[in-house]
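Q: Can you keep this structure in mind? I'll have questions shortly.
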Amino acid sequence: QVQLVESGGGLVQPGGSLRLSCAASGSMISIYPMGWYRQAPGKQREMVATITSGGSTNYADSVKGRFTISRDNAKNTVYLQMNSLKPEDTAVYYCKMQKLFIDYWGQGTQVTVSS
């Protein structure tokens, strides 16, 4: 069984930082593409950042330069470092593993950026 568990969300002020973690079990993240996605109320779920098994990364234009996706294969964990947070970053953030032709999702963690 594949299980993804996100953590690290919370309430922060604009300009603040958070680091989200996605701990995986059942499969090794080192051989599958991983990604972070987010969904704000009333909006479509959107890609935030992805990382391949080879380490290539891709970011949404809205977060480029502020967010960094990384992984620790030994800990089977993928991270999303979020800096210079803006109110429009407020959303539920989800971790995803693309294993073969199936996408596996975590339960999500809430990120709220507000004064």
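The values are calculated or read from the model by the stated rules, or taken from the named source; none is laboratory data. Quick caveat, the model's predicted, so the values are computed rather than measured. With ideal geometry, Cβ positions are generated from the backbone for all residues, glycine too; neighbour counts draw on all protein chains shown. Surface accessibility is based on the protein's heavy atoms, side chains included, excluding ligands, DNA and RNA. Shrake-Rupley method; radii C 1.70, N 1.55, O 1.52, S 1.80 Å.
Q: Considering only the range 6-39, state which residues are of a type in the set (A, V, I, L, M) and under 14 Å from the mean Cα position of the chain (by Cα).
A: 18, 20, 23, 24, 29, 34
Q: State which residue is least open to solvent (accessible area, probe 1.4 Å) when the search covers only the range 40-50 and only residues that are outside any strand (DSSP E or B) and touching a strand residue (DSSP E or B) at 6+ places or on another chain (Cβ under 7 Å).
A: 40
Q: Select from the range 73-99 the residues that are closer than 19 Å to residue 51 by Cα and open to solvent by less than 40 Å² (accessible area, probe 1.4 Å) and list them in ascending order.
A: Those that are closer than 19 Å to residue 51 by Cα and open to solvent by less than 40 Å² (accessible area, probe 1.4 Å): 76, 77, 78, 79, 80, 82, 93, 94, 95, 96, 97.
Residue-wise test of (1) buried (at least 18 other Cβ atoms within 10 Å of the Cβ); (2) touching a Phe, Trp or Tyr at 6+ places or on another chain (Cβ under 7 Å).
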site: 4; (1), (2): yes, yes
site: 14; (1), (2): no, no
site: 20; (1), (2): yes, yes
site: 29; (1), (2): yes, no
site: 34; (1), (2): yes, no
site: 38; (1), (2): yes, yes
site: 52; (1), (2): no, no
site: 56; (1), (2): no, no
site: 66; (1), (2): no, no
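Q: May I ask you to list the residues in the range 100-110 that are surrounded by 14 or more Cβ atoms within 10 Å (Cβ to Cβ) and more than 11 Å from the chain's Cα centre (by Cα)?
A: Matches in the range 100-110: 104 only.
Q: Taking the options 80, 85, name whichever one is within 16 Å of the chain's Cα centre (by Cα), of a type outside the set (Val, Ile, Thr) and part of a loop (DSSP other than H, G, I, E, B).
A: Checking each option against the conditions leaves just 85.
Q: Inside the range 40-50, can you point out the residues that are touching a Phe, Trp or Tyr at 6+ places or on another chain (Cβ under 6 Å) and either closer than 12 Å to residue 97 by Cβ or of a type in the set (D, E, K, R) (or both)?
A: Scanning the range 40-50 gives a single hit, 45.
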